[in-house]
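Reviewing the structure listed below.
Coordinate-derived values only; no laboratory data. Because the structure is predicted, anything quoted here is derived from the model rather than measured. Note: ideal-geometry Cβ built from the backbone for every residue, glycine included; neighbour counts use all protein chains shown.
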Amino acid sequence: MRLLLPTDFVFPNNDAVKLINDFFGESHEIALLHVISDEGFSNPPMTEEDYNKEIAYKRTQLEELSKMFKSKTKVIVRKGAITNSVVNFFEESGSDILILGHQKLGFFDRFLNRDIRKEVLNIVRCPVMCF
């Protein structure tokens with residue numbers, strides 16, 4: 001079984017690792033995906049060199065996270081619109097299930113920040129496990 005776990009490194013990764021290792025065992029392949037958003041503004045604007053440094057840094061973080069899993073993993077870092085990148089990668093990769101983490105946000109955080117998980121759930125047409 002091929003699993004896709006997008007991560008922004010905010011939700012407790014140890015919980016995701018434990019859930020996946022306990023529930024799926026070693027009989028799966030997992031793709032760890034991080035998307036560097038090119039939406040919105042940064043001050044100063046990020047250059048291509050800045051994006052390349054960020055991609056290399058996030059790849060290193062994903063490789064460290066991948067060591068915690070019992071099964072085969074691959075790490076992917078993309079630049080783009082987060083929601084579309086997750087959905088597109090799921091479809092391109094032939095993954096069987098999408099695993100989405102959830103962070104508990106207070107009222108103001110929910111008001112000020114997008115809920116990528118909800119956006120993905122509204123678009124994707126596949127099996128999804130949320131925790």
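For the reader, a short list of remarks on this structure follows.
- Entries in 18/53; 53/74; 72/118; 18/74; 67/118 that, when Cα-Cα distance is taken, lie over 24 Å: 18/53; 72/118; 67/118
- Under 14 Å from the residue 119 label point (7 Å along Cα→beta-carbon), backbone N, region 33-73: 35-41
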